[in-house]
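*Asks:* Take a look at this one; I'll ask things after.
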Amino acid sequence: MLTLPTRSQFPRWIAIGCGVGVFFWLRLEDNGVLVPVLAGLALTLVLAGWWLTRWLGGRAYTPRWVIVGALVVGAIIGLGTAIMTALLMLLKNGLHGHIFPDFPFGVILEILQRGPAWALAGALIGGGIALAWAALRTTAVNTSTSN
């Protein structure tokens with residue numbers, strides 16, 4: 001069984017750090033794609049962690065539900081990263097108001113087109129982490145019972 005932490009145990013300094021990082025990035029004259037993608041991932045992870053600890057925290061789950069949940073949450077995080085990245089790019093375009101935007105519409109559209117692939121990648125990463133956890137847990141249980 002895996003017990004998710006409660007919301008009170010969620011480290012707020014991670015959310016504050018992400019917000020401060022995005023705030024400073026919005027002020028820079030930068031049109032690279034890597035920083036907004038990483039910021040979109042970080043914000044999506046913080047939102048997913050906040051939501052999971054708020055609604056599902058404090059309860060114990062069987063390994064089967066952990067694996068299924070990790071697949072679903074990973075897919076949501078992957079898709080959410082594409083959406084959050086596009087929103088950050090739009091926000092930066094709106095704040096800067098240049099004649100030529102920092103992120104043209106084609107770049108934002110290409111990020112959104114990557115959403116399904118990122119959702120699949122997120123599901124695979126989440127499933128892999130959950131399977132590794134289940135394998136390590138099974139190994140630890142078998143080792144402790146054989147002694």
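The values are calculated or read from the model by the stated rules, or taken from the named source; none is laboratory data. The shown structure was predicted, so the numbers you read here are calculated from the model rather than taken from an experiment. All Cβ positions, even for glycine, are placed from backbone atoms using ideal geometry, and neighbour counts span all protein chains on display. Please note that ligands, DNA and RNA were not included when accessible areas were found on the heavy atoms of the full protein model with its side chains. Shrake-Rupley method; radii C 1.70, N 1.55, O 1.52, S 1.80 Å.
*Asks:* Just one of A86, A123 is touching a Leu at 6+ places or on another chain (Cβ under 8 Å), assigned to a helix (DSSP H, G or I) and under 19 Å from V68 (Cα atoms); which is it?
*Replies:* Testing whether each residue is touching a Leu at 6+ places or on another chain (Cβ under 8 Å), assigned to a helix (DSSP H, G or I) and under 19 Å from V68 (Cα atoms) leaves just A123.
*Asks:* Within the bounds of the stretch 55-64, is there any residue that is open to solvent by less than 70 Å² (accessible area, probe 1.4 Å) and free of Cβ contacts under 8 Å to residues at least 12 places away in the same chain?
*Replies:* Among the residues of the stretch 55-64, not one is open to solvent by less than 70 Å² (accessible area, probe 1.4 Å) and free of Cβ contacts under 8 Å to residues at least 12 places away in the same chain, which makes the answer no.
*Asks:* Looking only at the stretch 113-141, filter to residues that are exposed (fewer than 13 other Cβ atoms within 10 Å of the Cβ) and over 15 Å from the mean Cα position of the chain (by Cα); which one of those is farthest from T62 (Cα to Cα)?
*Replies:* Q113
*Asks:* How many residues are surrounded by 15 or more Cβ atoms within 10 Å (Cβ to Cβ) and farther than 15 Å from L88 by Cα if we restrict to the stretch 12-44?
*Replies:* Residues flagged as surrounded by 15 or more Cβ atoms within 10 Å (Cβ to Cβ) and farther than 15 Å from L88 by Cα within the stretch 12-44 amount to 1.
*Asks:* Here's another thing I want to ask about it. For the structure I just gave you, tell me whether G40 is within 21 Å of R12 (Cα to Cα) and not in a helix (DSSP H, G or I). Don't jump to the end; show me each part of the working.
*Replies:* Working: within 21 Å of R12 (Cα to Cα): yes; not in a helix (DSSP H, G or I): no.
No.
*Asks:* Identify, by number, the condition in (1) more than 21 Å from W25 (Cβ to Cβ); (2) touching a residue at least 12 places away in the same chain (Cβ under 8 Å); (3) assigned to a helix (DSSP H, G or I) that A48 doesn't meet.
*Replies:* All conditions pass for A48, except number (1).
*Asks:* Then there's this: Out of G40, G19, G69, I need the residue that is in contact (Cβ under 8 Å) with a residue 40 or more places away in the chain and over 21 Å from G106 (Cβ atoms). Which one?
*Replies:* Going through G40, G19, G69 in turn, just one is in contact (Cβ under 8 Å) with a residue 40 or more places away in the chain and over 21 Å from G106 (Cβ atoms): G69.
Every residue, every condition in (1) of a type in the set (S, T, N, Q); (2) farther than 21 Å from R27 by Cα, yes or no:
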| residue | (1), (2) |
| --- | --- |
| V68 | no, yes |
| G78 | no, yes |
| F100 | no, no |
| G106 | no, yes |
| A119 | no, yes |
| A135 | no, yes |
| T143 | yes, yes |
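*Asks:* Determine whether the stretch 90-112 contains at least one residue that is outside any helix (DSSP H, G or I) and at pLDDT 95 or above.
*Replies:* No, every residue in the stretch 90-112 fails to be outside any helix (DSSP H, G or I) and at pLDDT 95 or above.
*Asks:* Filter the stretch 58-87 down to the residues that are within 14 Å of the chain's Cα centre (by Cα) and of a type in the set (A, V, I, L, M) and list them by number.
*Replies:* Those that are within 14 Å of the chain's Cα centre (by Cα) and of a type in the set (A, V, I, L, M): A70, L71, V72, V73, A75, I76, I77, L79, A82, I83, M84.
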